[in-house]
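Participant: Sharing a structure here in structure tokens format.
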Amino acid sequence: MSREQQAVARARKAFETGRSKSVEHRIRQLKNLQRLFTEKQSVISAAVKKDLNKSEAGTQLYETLGLEGELNTAIKHLKEWAAPRPVEKNLLTISDTVYIKPEPLGVVLIIGAWNYPWAVTIQPLIGAIAAGNAAVIKPSEVCVHTAKVMEDLLPLYIDKELYPVVTGGVSETQELLRQRFDHIFYTGNSVVGKLIMEAAAKNLTPVTLELGGKSPCYIDKNCDLTIACRRVAWGKYTNCGQTCIAPDYILCEPSIQDRVIEEVKKAIKEFYTDNPKTCPDYGRIINQRHFKRIMNMLEGSTVAAGGDNEESDCYIAPTVLRDVKPEAKVMQEEIFGPLLPILSVSGLDEAIKFINKGEKPLALYCFSSDNKVINRMTDETSSGGFLANDCLVHFSVGALPFGGVGNSGMGCYHGKYSFDQLSHLRSCLIKKLNMEGVNRMRYPPHTLKKLGWARFFILNSVDLGWVGRMALLAVMAVVAAVVLQYYLL
Amino acid sequence: MSREQLAVQRARKSFQTGKSKPLEYRIHQLKSLLRFITERRRDIADAVKKDLGKSANGTELFETLGLEGEIKLAIEKLAEWAAPRPVEKNLLTITDEVYVQPEPLGVVLIIGAWNYPWSVTLQPLVAAIAAGNAAIIKPSEVSSNSSKVMEELLPQYLDKDLFPVVTGGVSETQELLKQKFDHVFYTGSSTVGRIVMEAAARHLTPVTLELGGKSPCYIDKNCDISMACRRITWGKFVNCGQTCIAPDFVLCEPSIQSRVVEEIKKCIKEFYTENPETFEDYGRIINQHHFKRLMGLMEGSTVAVGGGSDESQCYIAPTVLQDVTGESKVMKEEIFGPLLPIITVSGVDEAIQFINEREKPLVLYVFSNDNKLIKRVIAETSSGALLANDCLVHFTVSALPFGGVGNSGMGCYHGLHGFNQLSHLRSCLIKQLNMEAFNNMRYPPHTDKKLGWARFFLLKQLNVGRVRRMALLAALAGLAAFVVQVKHLKSTCPVHRGIKGITLISLMYCSTLV
């Protein structure tokens, strides 16, 4: 039996004992995870620094803070999320117990990514644990140091059998994908996403795919360009552009291109100093392969800002490209790096047309003070998420489902969505062995009279909520009348 | 270009015009679909009679009534379902617009099944239309008469470009599956379900798979066995057992097996007369292939009731098999026919074990008066749905999501669940280009001080709803104080009395909102 097979078999055996199901167990494991992040902050930051050259504060701000928030939310709301959810009754179920019961799925496979290795690997884990599952955690081998830290540390805090960490590369992942899971949660690119879904199909395993794409960023010429460009620059160059929801490219009218470049340049200088290479808050490209990939994209485009680089350091300066054409190399795939192309469009119409020609992106950004522009953009396009007048921050609104559509993914998570995504929401209808008279209408022989009754019961959707409210109002009116009579009149 | 490719292309082009998106249009199409069912009742019933031997009343009861209900529900609720859904804000989004906007996905492929050809093919269509999509409808070729009627008549009621009917067999379906869709909705077997999902994976198309399995039915020895068996008999032999949620097999203690057999025999006679073969409300097996399959399944098991058959008619009598074991032929696959095996177990423990040794079913039935027992079964098993003390009827509760888990499927539908399944629920956050100072805590250089602020804003859980309620309560308290004041003045002026009266009533009403 391979190492991967063993880990999955052990996780399944552990799940079958039922110990991951109790709410107390789930909360205990989540609290242990909380402790991991408070106790091992420096170990975590050190690894992320080696992988992506992120500063300690940067790691906290962009990786672990969000996780702490998700853990707090899950611990606080778990009981509520896991409780049976009563649903609206109809005439036929008026005396029955009708509810949806969230249940664990079983063994979940979580395949993490390398760009925010903690955030995108542990956030799904929080959902998996909260929902009562076992989970096999496969961190990305590309973020070498973080994968090792995860492998070393997680077993010290959470149940090793229920939540094993399985490290490795392509062949280990393929071996894992041959095993049977009850859900697979994958964060990465569309190409691998297809392979994951194909593998999952063999076992009829549902999947959540958090993929990517080219997230467009439209800047309306009539908005506050200084603030807009500041936010875009922050959104773009955080983590050196290696963010699934980074604004991939800008669309704006030619009349404001120069101004946009100026403002972005200003923001770059403000955030990353005159020499980003020496700024502790400016990161590095994850490895040489991606460095080369990104540098190749520069071909054929005009550099308006930045452009300098150093291969041995995997350093690429915050770069802006101007007058980029749709056919340019940089527009053929998701950039996932610190190159910000600006494409000119004649206005909102052309921008929408351009966006709709491409695959549905994970995020769509629109900077405008005009609500009409924003409304048109939302009405006439589609994307995983939509954010007006800022970048990235929808990620931190736990009440918003985070996920893609079309090529950018399927399924969603964050907050309660993580819990629901990794649960089976089982319909439960508890009837009694009485009131058989009502059932006569359904038994053969099927007469027109019986059919008439069935028609009445099934088609009359009574909003019992409304009836209840009306009843309450009537009672109150009576009470008010009584009170008026005796006390005020 | 193949016929299938053309249909998909036309549907996509039509979708891209934006025609299917306005609510008025969706409601108009749904109303047309409703007209179709009412005006063509006869054609539909005739087709189903030829396909499955179902009576006209049976077709209405088990196929079109539910469909009418779903269409009416969608028409009534559409504006509410399609509206933006505001979500809870946090400290950082307190002045922003934050909501989830349901949007159409695009072009949906609906692959129907033959057992309830109208219900399982058109119910997903209702959801697809309601959500603003275009949809290719591929009815099952096995229910050939229904498929033909659908192909001929549906285009007379629905937009032909947006909602084309594409008939055909395996190769036509394979050709369809090569095209790109925005969602594929398949009802059928697990084997084909895998193939559908694999094909969808090539385009990263999400799928809803309504599959099947062996739905267990546990009868507790201490319940009203006569009542239980009546409901099970009905659930099993409707449509000759060709129902995805039919109770596949019964689990009970050996001491009640004979009683169960007796009661079911009684009900079969009550429902289907002494001679079900001539009875109008007893159906037929869909075709010879399935007839042979079912007759093969009986091998090795003891027939306690029924067992009669007529190949030329695809008729199999309502049959009960007793003393069946887990290894019997009839336990190797989903029966999907009028054979009801009874397997004896020593009690609920063994029943649960037996159930858990097998794939997760689409539905699990438990017959018992003991709530503790029912809760145990729920807690220790998994299934698409669980229904206690009856069969099938959870299908008609549209507030309950209908779908499987594991081998019995993924995704769900009915009512709002169908709408949501075939929509993209897009997160929208609309901020303003102001309050930039606020954002300073996130910009480099990242200092500990800024981090402290970020920590505060991101981790502080503000229950905005609660704050609002507290504010309202405070206002009410103030109002109450005012009323008490005024009351003590014991004014007899009618205006004052009126004000006091109105104030008190408003107070009481507001208190119910809190």
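The values are calculated or read from the model by the stated rules, or taken from the named source; none is laboratory data. Predicted model, so just to flag it, every value in this text is computed and none were measured. Using ideal geometry, Cβ is built from the backbone for each residue, glycine included, and neighbour counts are taken over all protein chains shown. Accessible surface areas use protein heavy atoms only, side chains included; no ligands, DNA or RNA. Shrake-Rupley method; radii C 1.70, N 1.55, O 1.52, S 1.80 Å.
Participant: Please tell me the relative contact order of chain B in percent, rounded to the nearest whole number, where contacts are Cα pairs under 8 Å and at least six residues apart.
Facilitator: Values: 915 pairs, mean separation 86.4, N = 514.
Rounded, it is 17 percent for chain B.
Participant: Could I ask something else about it? Residues of segment A:416-444 with amide nitrogen under 19 Å from the 7 Å Cα-to-Cβ point of A:Glu80?
Facilitator: Those under the cut-off are A:416-423.
Participant: Additional query: State, to one decimal in nm, how far the label point of A:Lys449 lies from the label point of A:Arg293, with both points 7 Å from Cα in the Cβ direction.
Facilitator: For the pair A:Lys449/A:Arg293, the computed spacing is 7.3 nm.
Participant: With contacts defined as alpha carbon pairs under 8 Å and 6 or more residues apart, what's the relative contact order of segment A:58-104 in percent?
Facilitator: In percent, rounded to a whole number, it is 32.
Participant: With each run of n ≥ 4 DSSP H residues scored as -39500 (n - 2.57), what mean residue ellipticity at 222 nm is computed for the protein assembly as shown after dividing by its residue count and rounding to the nearest 500 deg cm²/dmol? Mind showing how you got there, number by number?
Facilitator: Numbers: 36 runs with 451 residues, N = 1003.
Result for the protein assembly as shown: -14000 deg cm²/dmol, rounded to the nearest 500.
Participant: Would you kindly state how much longer the chain becomes between B:Glu327 and B:Arg259 on full extension, computed as 0.36 nm times their sequence separation minus their alpha carbon distance, in nm to one decimal? Please report the intermediate quantities before stating the final value.
Facilitator: Details: separation 68, 0.36 × 68 = 24.48 nm, distance 2.38 nm.
Answer, rounded to one decimal: 22.1 nm.
Participant: Extending each Cα 7 Å along its Cβ direction at A:Asp258 and B:Leu425, get the distance between those two points in nm, one decimal.
Facilitator: Rounded to a tenth, the inter-label distance reads 4.9 nm.
Participant: Right, here's the next one. Tell me the angle of helix B:448-459 to the major Cα principal axis of chain B, expressed in degrees between 0 and 90 and rounded to the nearest ten.
Facilitator: 60
Participant: Moving on to the next point. Do you know the relative contact order of segment A:1-137, to the nearest whole percent, from alpha carbon pairs under 8 angstrom that are 6+ apart?
Facilitator: Computed value for segment A:1-137: 34 percent relative contact order.
Participant: Something else now. Once both axes come from the Cα atoms, what is the angle between helix A:254-272 and the longest principal axis of chain A, in degrees from 0 to 90, rounded to 10?
Facilitator: 90
Participant: Could you tell me which GluC sites (Glu not before Pro) in segment B:215-287 are loop residues by DSSP with no more than 12 other beta carbons within 10 angstrom of their beta carbon?
Facilitator: Values: sites: B:Glu262, B:Glu263, B:Glu270, B:Glu274, B:Glu277, B:Glu280; in loops: B:Glu274, B:Glu280.
Those that pass, being in a loop and sparsely packed, are B:Glu274.
Participant: Also: With +1 on each Lys and Arg Cβ and -1 on each Asp and Glu Cβ, how big is the dipole of the protein assembly as shown about its Cα centre, in debye rounded to the nearest 20? Before the final figure, lay out the partial values.
Facilitator: On the way: 117 positive and 105 negative charges, 436 e Å.
Roughly 2100 debye for the protein assembly as shown.
Participant: Please give the Cα centre distance for segment A:99-158 versus segment B:158-187, rounded to the nearest Å.
Facilitator: 37
Participant: Here's a follow-up. Just to confirm the filter: which trypsin sites (Lys or Arg not before Pro) across segment B:5-58 are DSSP coil and have at most 16 other Cβ within 10 angstrom of their Cβ?
Facilitator: On the way: sites: B:Arg10, B:Arg12, B:Lys13, B:Lys19, B:Arg26, B:Lys31, B:Arg35, B:Arg40, B:Arg41, B:Arg42, B:Lys49, B:Lys50, B:Lys54; in loops: B:Lys19, B:Arg40, B:Lys54.
Counting only loop positions with at most 16 other Cβ atoms within 10 Å, the trypsin sites (Lys or Arg not before Pro) in segment B:5-58 are B:Lys19.
Participant: Just to confirm my numbers, what's the Cα centroid distance between segment B:218-274 and segment B:88-115 in Å?
Facilitator: Spelled out, the Cα-based centre of one part sits 42 Å from the other.
Participant: Continuing with the same structure: For chain B, state the semi-axes of the equivalent ellipsoid (square roots of 5 times the eigenvalues of the alpha-carbon gyration tensor), sorted largest first and rounded to whole angstrom. Kindly include the intermediate steps, with their values, before the conclusion.
Facilitator: Values: eigenvalues 489, 211, 127 Å².
So the equivalent ellipsoid measures 49, 32, 25 Å along its semi-axes.
Participant: Using the beta-carbon distance between A:Ala474 and A:His25 and R0 = 45 Å, what value does 1/(1 + (r/R0)^6) give for FRET efficiency, to the nearest 0.05? Please report the intermediate quantities before stating the final value.
Facilitator: Details: r = 47 Å, r/R0 = 1.05.
The calculated FRET efficiency here is 0.40.
Participant: Once the cut-off is 47 Å, how many percent of the Cα-Cα pairs in the protein assembly as shown end up in the long-distance tail? Numbers along the way, then the final one.
Facilitator: On the way: 168463 of 502503 pairs.
It works out to 34 percent of all Cα pairs.
Participant: Multiplying the sequence separation of B:Ser312 and B:Lys77 by 0.36 nm and subtracting their Cα-Cα distance, what value in nm do you get? List each step's numbers first, then the result.
Facilitator: Numbers: separation 235, 0.36 × 235 = 84.60 nm, distance 4.73 nm.
The span from B:Ser312 to B:Lys77 would gain 79.9 nm if fully extended.
Participant: Could you state, as a whole-number percent, how many of the C-alpha pairs of segment B:133-177 are farther apart than 18 Å?
Facilitator: Details: 257 of 990 pairs.
The proportion of pairs with Cα distances above 18 Å equals 26 percent.
Participant: To continue, here is another question. Between A:Gln5 and A:Glu436, what is the label-to-label distance in nm when each label sits 7 Å out along the Cα-to-Cβ direction?
Facilitator: Modelled inter-label distance: 5.4 nm.
Participant: Restrict the search to segment A:318-390; then list the GluC sites (Glu not before Pro) that DSSP places in a loop and that have at most 13 other Cβ atoms within 10 Å of their Cβ. Walk me through the numbers on the way to the answer.
Facilitator: Details: sites: A:Glu327, A:Glu333, A:Glu334, A:Glu350, A:Glu359, A:Glu380; in loops: A:Glu327, A:Glu333, A:Glu334, A:Glu359.
Those satisfying the criteria are A:Glu327.
Participant: How much accessible surface area, in Å² rounded to 10, belongs to the heavy atoms of B:Ser14 with a 1.4 Å probe?
Facilitator: My reading of the accessible area for B:Ser14 is about 10 Å².
Participant: OK, next. Enter the angle in degrees (range 0 to 90, nearest 10) between the Cα long axis of helix A:348-357 and the first principal axis of the Cα atoms of chain A, meaning the one along which they spread out most.
Facilitator: 80
Participant: In whole angstrom, how far apart do the alpha carbon centroids of segment A:244-307 and segment A:1-73 sit?
Facilitator: About 33 Å separates the Cα centre of segment A:244-307 from the one of segment A:1-73.
Participant: If r is the Cβ-Cβ distance from B:Glu39 to A:Lys50 and R0 is 60 Å, what FRET efficiency results, to the nearest 0.05?
Facilitator: On the way: r = 71 Å, r/R0 = 1.19.
About 0.25, to the nearest 0.05.
Participant: I would also like to ask the following. What FRET efficiency do you get for B:Arg85 and A:Gln174 if R0 is 45 Å and r is their Cβ-Cβ distance, rounded to the nearest 0.05? Each step should come with its number before you reach the end.
Facilitator: Details: r = 40 Å, r/R0 = 0.88.
Plugging the Cβ-Cβ distance into 1/(1 + (r/R0)^6) gives 0.70.
Participant: State which entries of A:Lys450/B:Lys49; A:Lys148/B:Lys89; B:Lys50/B:Lys329; B:Lys221/B:Lys265 exceed 26 angstrom in Cα-Cα distance in the structure shown. Can you show the working numbers first?
Facilitator: Numbers: A:Lys450/B:Lys49 20 Å; A:Lys148/B:Lys89 37 Å; B:Lys50/B:Lys329 30 Å; B:Lys221/B:Lys265 18 Å.
Violating the 26 Å Cα-Cα cut-off are A:Lys148/B:Lys89; B:Lys50/B:Lys329.
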